[in-house]
1. So what are the ³J(HN,Hα) numbers for segment 165-177, from phi and the Karplus equation (6.51, -1.76, 1.60; θ = phi - 60°), rounded to whole Hz, Gly and Pro as x?
2. Rounded if a/c is under 1.5, else prolate if a/b beats b/c, else oblate: with a ≥ b ≥ c from the C-alpha gyration tensor eigenvalues square-rooted, which is segment 131-210?
3. 5 Å is the cut-off here: which amide hydrogens, built 1.01 Å from N in the peptide plane, fall below it relative to ALA187, excluding neighbours closer than 5 in sequence?
4. Please work out the Cα center distance from segment 117-181 to segment 45-114, rounded to the nearest Å.
5. In what sequence, highest mean first, do 225-232, 122-129 appear when ranked by Cβ atoms within 10 angstrom?
6. Let me check I've understood the local charge: for THR189, count other residues with C-beta under 12 angstrom from its C-beta, Lys and Arg +1, Asp and Glu -1. What total comes out?
7. Answer rounded, prolate or oblate for segment 1-102, using the Cα gyration tensor with square roots of eigenvalues a ≥ b ≥ c: rounded when a/c is under 1.5, else prolate when a/b is larger than b/c, else oblate.
8. Once phi is turned into ³J(HN,Hα) by the Karplus curve 6.51 cos²θ - 1.76 cosθ + 1.60 with θ = phi - 60°, what whole-Hz value does each residue of segment 180-189 show in order, with x for glycine and proline?
Amino acid sequence: MDLVVIGHVTMDRVAGASRPGGGAYYAALAAHRLGLEVGLLTSAGPEFPLGDLPAGLALVDVPSPYTTIFEHARGPAGRRLRLAGRAVDLESSQLPSAWCRAPLALLAPVANEVDPALAASFLDASICALPQGWMRQRGRDGVVEPQPWTDADDVLPHLQMLVTSDEDVVAGPEIVLEWAQRVPLAALTLAGRGATLYVNGEPYHVAPDAAREVDETGAGDIFATALLIEYQRHADPWEAAAAAACAGAAAVEAAGVDGLLDRAGLDARVAAYRRRRGG
């Protein structure tokens, strides 16, 4: 096992259509596409097509009568989510013992379902967290509302990397800087404006790769997955950030997971990105 991904897969209802989604879904498929042996700890009900996941992706599906379902809408204030259903919580007791020896782990909660104790469940892994799901609560009529990340002190000491987006952090960039000073590597994604990379707490701009946007859903999750994988490969935050920018840009150029890159595709796109930016 190269990478363990933890979080709910979801069914996303967008413009009257329904399709698979969730940070864990995008991360697991992106890593599998890059050639990693991936284990996915999740929970879903009968609505989710688990049988459509690629062969070779190891799966632990915690039984649940329901799938986590999000209804997506866009308005003047930006993205609006409604939580229409939720699968059961994910806890450390559900993690196979053999998976605890994986060198990489990615925690991707979407509905406060990932027990923060899972961050301490790995023996010697480089762990990345996408905390968006810990910063959400279900409000009136299922509308998703922001909340403070109250378990940050329990999670951050175990992390190699933290990745979040400016859209999810309503408290402002100051809190991201505070978190970034407590982990070796962090990133704040800025959609089409690129990202801010924090190396030992120091911020640096990551230029976006050129892309014709078709569907932005999942791009931040794919960015984080590539950042984690490439940082392990090269031990170089700048190499990792370039690859992450390219993987995220490719993802928005197609719907769903159709824009995921394989290893050859990512290497070629990074080379072109570097040429355009003068090396």
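What follows draws every value from the coordinates through simple rules; no lab data is involved. Everything quoted here is computed from the prediction, not taken from an experiment. Positions of Cβ are backbone-derived with ideal geometry, glycine not excepted, and every protein chain shown enters the neighbour counts.
1. 10, 5, 6, 8, 9, 7, 6, x, x, 4, 6, 5, 4
2. Oblate, since a/c reaches 1.5 and b/c is not below a/b.
3. Result for ALA187 returns LEU162, VAL163, THR164, TYR198.
4. Rounded to whole Å, the Cα centres lie 16 Å apart.
5. Peptide ranking by packing, descending: 225-232, 122-129.
6. That works out to -4.
7. prolate
8. Going residue by residue, I get 4, 6, 10, 9, x, 9, 9, 8, 10, 7 Hz, with x marking Gly and Pro.
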